[in-house]
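Some notes on the structure that comes next.
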Amino acid sequence: MSTIAENIAKVGVRIREAAQASQRDFATIGLLAVSKTKPAEAIREAFAAGVRDVGENYLQEALDKQQELADLALTWHFIGPIQSNKTRPIAEHFAWVHSVDRLKIAERLSDQRPPELPPLNICLQVNVSGEDSKSGCHPDELAALAQAVTQLPNLRLRGLMTIPEPTDDVSAQRAAFARLRALRDALDLDLDTLSMGMSHDLEAAIAEGATWVRIGTALFGARDYRTS
Ligand SMILES: *Cc1c(COP(=O)(O)O)cnc(C)c1O
């Protein structure tokens, strides 16, 4: 087995055990393999080991890998910060966008979604930790943003996403994820998705209802930003 295949198996065990611990059905938790800075070959190995959903943060890097991997039946998710002049290729080349945090971006994605493709699946990114510098909409702005996004014809609002402030304290991890779940429930829209949990906190996220865990390091190893 390749290291990546072994890592996928290990992460699968973590997800399964976390699901069991909170009496959740393992099948309701999706593994999104986050491959930023990693070569297309690593994604090919992950595909061979069963991965079907890939998350990328940087548009040009993602488009290059999509070309190299066009022979694979992968579903591509955009999870990085979005500049408004980059929305068209995102609308054209992805099935999901997890990082929408303002209406202008959502409107552009809807306008630019090619009509022959199904609606673009959207998660609204929320800043549950409250630091001003981070991306994600403020919880107070969420209800109005969500209402507006449900009106856009070529988007399908699926749920919420968050990247909490990193901490090793499991109860603090859980509190942040619980806030996202409570915000989702308070919206009173039909939202089936909570995109939350990364390599170091996937157990806490699953305990609080994650339906996508976004896993990079635990699958592909540490990232080296110097060469990318
Ligand atoms: C990089 C990244 C991840 C993966 O983080 P790891 O700690 O490597 O698992 C998940 N979500 C987003 C939005 C990311 O940018």
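Considering only residues that are free of Cβ contacts under 8 Å to residues at least 60 places away in the same chain and either surrounded by 14 or more Cβ atoms within 10 Å (Cβ to Cβ) or under 14 Å from Leu202 (Cα atoms) (or both), which ones fall in region 18-38?
Hits for region 18-38 are Gln20, Phe26.
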Please verify whether region 207-215 includes one or more residues that are farther than 30 Å from Leu117 by Cα, over 15 Å from the mean Cα position of the chain (by Cα), at pLDDT 95 or above and not in a helix (DSSP H, G or I).
-> yes
Going through region 198-228 in order, the residues found to be more than 9 Å from the ligand (Cβ to nearest atom) and crowded, with 23+ Cβ neighbours inside 10 Å are Ala204, Ala205, Ile206, Ala210, Trp212
Out of Ala186, Ala218, sole residue that is over 19 Å from Gly80 (Cα atoms) and part of a helix (DSSP H, G or I) = Ala186
With criteria (1) at pLDDT 95 or above; (2) touching a helix residue (DSSP H, G or I) at 6+ places or on another chain (Cβ under 9 Å), Glu116 comes up short on (2)
Does Asp190 qualify as being surrounded by fewer than 20 Cβ atoms within 10 Å (Cβ to Cβ), within 19 Å of Trp212 (Cα to Cα) and not small (Gly, Ala, Ser)?
-> yes
Can you confirm whether region 31-40 contains a residue that is within 14 Å of the ligand (Cβ to nearest atom), part of a helix (DSSP H, G or I) and farther than 15 Å from Trp212 by Cβ?
-> no
Of the residues in region 162-183, those that are outside any helix (DSSP H, G or I) and of a type outside the set (S, T, N, Q) come to Ile163, Pro164, Glu165, Pro166, Asp168, Asp169
Count, please, the residues in region 129-162 that happen to be β-branched (Val, Ile, Thr) and at pLDDT below 95.
-> 0
Matching residues, region 173-187, being farther than 18 Å from Ala21 by Cβ and either modelled with pLDDT under 95 or surrounded by 15 or more Cβ atoms within 10 Å (Cβ to Cβ) (or both) | Ala176, Arg179, Leu180, Leu183, Arg184, Leu187
Taking the residues in region 121-161 that are of a type in the set (Asp, Glu) and part of a loop (DSSP other than H, G, I, E, B) as candidates, determine which candidate is surrounded by the most Cβ atoms within 10 Å (Cβ to Cβ).
-> Glu131
Which condition breaks for Phe78 when tested against (1) away from the ligand (no atom under 12 Å from the Cβ); (2) surrounded by 14 or more Cβ atoms within 10 Å (Cβ to Cβ)?
-> (1)
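The values are calculated or read from the model by the stated rules, or taken from the named source; none is laboratory data. All values reported here derive from a predicted model rather than from experimental measurement. As a convention, Cβ positions derive from the backbone with ideal geometry for all residues, glycine included, and neighbour counts pool all protein chains shown.
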